[in-house]
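In what follows, a structure is listed as structure tokens, so that the remarks can point back to it.
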Amino acid sequence: MYAVVFGKNPRLSEGEFHAFIQRFGLKVRIVETHRNWLLFESDARIEHYFHWLGGALKLVKILGEGEEALKDFEYSRLFTISLYGKDDWRLWRKFGSEAKRGFKTEGPSKFFKPARVYSMPAELILKGFPGVKDFDFFFRENGTFLTGETVEVTDPFELKKLDVGRPRQRPILSIPPRLARAMVNLTKVRKGNFLDPFCGIGTIVQEFVLQGLGAYGSDSDERAIRNAKENLKWLRKEFRLKNSARLEVCDARRLKRCFRTRFDAVVSEPYLGRPLKRNPSRGEAIKLANGLDRFYHPVFESISSVLKRNGKTVFVFPAFKLNNGSVYRKDRRWLEKMGFEITERYLDFEPRHRLVRDIHVLRYGG
């Protein structure tokens with residue numbers, strides 16, 4: 001049995017996880033769902049594929065229930081303790097001390113204190129994971145708890161490299177590599193041709209290439225395409241990849257003129273409007289959304305001309321944090337009239353953001 005620990009957007013992370021297990025054909029049975037983690041049964045293949053999850057932090061192998069499971073901990077000279085569902089440093093120290101006493105017969109050991117009552121992947125990697133162990137405690141609402149050991153973590157340093165390590169960057173404007181990975185998983189499409197018609201400097205396209213997909217990208221900005229090609233050249237050299245991507249200068253409203261390929265999936269974050277200087281009112285947000293939809297409508301007519309029947313689209317639409325604190329999300333019924341069924345929607349944003357990502361997962365029925 002395993003547990004997956006979600007990142008800062010648990011709802012999106014959980015949705016991605018369900019899509020991910022379908023995408024990779026993993027046999028998983030969900031046992032329990034909690035806000036920040038999910039318990040499930042699976043074979044060991046999950047450990048091999050875990051690094052392709054964008055919204056998860058850790059994969060934990062469950063050892064047992066309650067304090068009795070501490071006896072099953074494997075010795076480590078250096079280790080730490082992570083608590084989920086309880087924010088209690090005294091309890092953290094108690095479990096650490098008990099584990100250390102259990103290790104005493106095998107050799108000296110010590111446990112280090114993370115920034116919170118749970119360790120983050122960066123802390124573990126810097127300390128020497130997987131040689132350095134992380135023992136996890138998951139507290140349920142009924143007072144019982146499960147105990148496990150972290151077996152896989154996402155590599156935040158690799159994700160940072162994919163972002164700021166590239167020769168060409170667009171701070172603030174570019175989508176985070178972690179979100180790009182999550183959006184690819186949301187398609188549930190494992191193999192085939194993928195297109196980003198607003199590729200910019202190539203963040204989403206580089207994820208296509210990393211995963212060995214048929215990678216295509218386009219943008220109406222010739223300079224952006226030059227920069228994307230430079231970034232892909234860096235990516236291939238840095239990660240020793242043989243495959244690449246086809247990139248074209250192309251208006252997203254005229255995709256059929258640029259590509260003869262029929263795509264299995266389209267994944268993209270388009271132009272979302274000008275930066276906002278303040279939080280809009282509801283009326284202002286409606287006006288902004290309607291104005292942008294006049295651009296998105298022909299884009300989706302264009303996407304439908306190059307997308308296979310039952311093909312998937314994962315597309316970021318703008319939503320807006322209003323001046324009263326709520327979020328305005330427009331219902332785009334015109335998508336269904338064009339043959340696109342909205343199967344899922346997720347919000348992604350920071351509390352300080354005025355512009356909110358409204359991620360739509362769509363199936364094209366033709």
Next on the checklist: I'd like to know which of 15, 129, 59 lies farthest towards the positive end of the charge dipole of segment 1-154, counting +1 on Cβ of Lys and Arg and -1 on Cβ of Asp and Glu.
Outcome noted: 129
Checklist entry - Applying the Karplus parametrisation 6.51 cos²θ - 1.76 cosθ + 1.60 with θ = phi - 60° to the phi angles of segment 104-109, what ³J(HN,Hα) value in whole Hz is obtained for each residue in order, glycine and proline being reported as x? => result 4, 5, 9, x, x, 8
Item to check | Counted charge near residue 237, where neighbours are those whose Cβ lies closer than 12 Å (Asp, Glu -1; Lys, Arg +1) | outcome: +3
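So, R0 is 25 Å and r is the distance between the beta-carbons of residue 94 and residue 140; what FRET efficiency does that work out to, to 0.05?
Working: r = 18 Å, r/R0 = 0.73.
That gives a FRET efficiency of 0.85.
Skip the ligands, DNA and RNA, and give the accessible area per residue of the chain with a 1.4 Å probe, whole Å². Provide the component values of the computation, followed by the final result.
Numbers: 17980 Å² over 366 residues.
Solvent-accessible surface per residue comes out at 49 Å².
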Item to check | Centroid-to-centroid separation of segment 62-125 and segment 204-222 [C-alpha atoms, Å] | outcome: 42
Next on the checklist: Output needed: Cys residues of the chain lacking any neighbouring Cys C-beta below 4.7 Å, sorted by number.
Outcome noted: 199
Checklist entry - Among 292, 311, 241, whose Cα sits farthest toward the positive end of the charge dipole of segment 239-312 (+1 at Cβ of Lys/Arg, -1 at Cβ of Asp/Glu, about the Cα centre)? => result 241
Checklist entry - Counting pairs of Cα atoms in segment 181-281, how many percent are more than 15 Å apart? => result 61
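Could you tell me the calculated FRET efficiency between residue 254 and residue 223, based on Cβ-Cβ distance and R0 = 22 angstrom, to the nearest 0.05? Don't jump to the answer; show the numbers that get you there.
Details: r = 19 Å, r/R0 = 0.86.
Computed FRET efficiency for residue 254 and residue 223: 0.70.
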Checklist entry - Percent of accessible area on the chain owned by carbon and sulfur, 1.4 Å probe? => result 47
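At a Förster distance of 22 Å, what's the computed FRET efficiency of residue 104 paired with residue 65, Cβ-Cβ distance as r, to 0.05?
Values: r = 24 Å, r/R0 = 1.08.
The formula returns an efficiency of 0.40 here.
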Next on the checklist: Just to check I understand the Karplus step: with θ = phi - 60° and J = 6.51 cos²θ - 1.76 cosθ + 1.60, what whole-Hz values come out for segment 256-264, glycine and proline as x?
Outcome noted: 5, 6, 9, 10, 8, 6, 9, 9, 7
Next on the checklist: Cross-link candidates for residue 110: which lysines have Cα within less than 19 Å, leaving aside residues fewer than 8 places away along the same chain?
Outcome noted: 71, 94, 100, 127, 133
Item to check | lysines with Cα under 22 Å of residue 337, excluding same-chain neighbours fewer than 8 positions away | outcome: 256, 287, 308, 312
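What size of dipole, in debye to the nearest 20, comes out for segment 303-347 about its Cα centre when the only charges are +1 on Lys and Arg C-beta atoms and -1 on Asp and Glu C-beta atoms? Don't jump to the answer; show the numbers that get you there.
On the way: 10 positive and 4 negative charges, 15 e Å.
That gives segment 303-347 a dipole magnitude of about 80 debye.
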Next on the checklist: For segment 195-343, take N as its residue count and report Rg(C-alpha) divided by 2.2 N^0.38 Å.
Outcome noted: 1.14
Item to check | DSSP H segments from the chain that extend 30 Å or more along their own axis, Cα-based, with Kyte-Doolittle mean of -0.5 or above | outcome: 282-306
Checklist outcome for this item: Phi angles of segment 343-357, converted by Karplus (6.51 cos²θ - 1.76 cosθ + 1.60, θ = phi - 60°) into ³J(HN,Hα) in whole Hz with x for Gly and Pro, give 9, 8, 9, 9, 8, 9, 6, 8, x, 7, 6, 8, 9, 10, 6
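If we count every other residue with Cβ under 10 angstrom of residue 108's Cβ, Lys/Arg +1 and Asp/Glu -1, where does the sum land? It would help to have the intermediate numbers written out before the result.
Values: positive: 77, 100, 104, 110; negative: 106.
It works out to a net charge of +3.
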Checklist entry - To the nearest 20 debye, what is the magnitude of the charge dipole of the chain about its Cα centre, counting +1 on the Cβ of each Lys and Arg and -1 on the Cβ of each Asp and Glu? => result 1300
Item to check | Cα centroid separation, segment 283-319 to segment 13-35 (Å) | outcome: 28
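Where nothing but the Cβ of Lys and Arg (+1) and of Asp and Glu (-1) is charged, how large is the charge dipole of segment 269-323 around its Cα centre, in debye to the nearest 20?
On the way: 10 positive and 4 negative charges, 30 e Å.
Charge dipole, segment 269-323, about its Cα centre: 140 debye, nearest 20.
The values are calculated or read from the model by the stated rules, or taken from the named source; none is laboratory data. The shown structure was predicted, so the numbers you read here are calculated from the model rather than taken from an experiment. Here Cβ is always computed from backbone atoms with ideal geometry, including for glycine, and neighbour counts include all displayed protein chains. When the accessible area is computed, the model is the full protein with side chains, heavy atoms only, and any ligands, DNA or RNA have been set aside. Shrake-Rupley method; radii C 1.70, N 1.55, O 1.52, S 1.80 Å.
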